[in-house]
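Everything on this sheet refers to the single structure shown next.
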């Protein structure tokens, strides 16, 4: 049986790495969630120190974690240089 928790985790993409464009709001780096079915946007809670610019001009890779912060799903930056994918 699928639980509501499982459905929510799936729509939030918990445990997955996604690419998103960050912006700064209220002193936090945030982004729209790339999954249109997600009820929450993303907030960076870890790895912002790896960024050369705040917010960066280019999209970055973030891993969605199973935590909610300020009404957004939390994420950690895993790759601050999206261009490294094409190398």
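Just so it is clear, none of the values below were taken in a lab; they were calculated from the coordinates. For clarity, every value in this text was computed on a predicted model and none was experimentally measured. A quick note on method: Cβ atoms are made from the backbone with ideal geometry, for glycine too, and the neighbour counts reach across all protein chains shown.
The table for this structure:
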read-out: Over the chain - Rg/Rh using Cα atoms and the Kirkwood inverse-distance radius; value: 0.99
read-out: Reference-scaled alpha-carbon Rg (2.2 N^0.38 Å with N residues) for segment 8-58; value: 1.16
read-out: Ranked by how many other beta carbons lie within 10 Å on average, peptides 8-14, 25-31, 42-48 from highest; value: 42-48, 8-14, 25-31
read-out: Calculated FRET value between residue 37 and residue 68, using beta carbons and R₀ = 25 Å, to 0.05; value: 0.90
read-out: Förster-model FRET efficiency, 25 Å R0, residue 10 and residue 78, C-beta, rounded to 0.05; value: 0.80
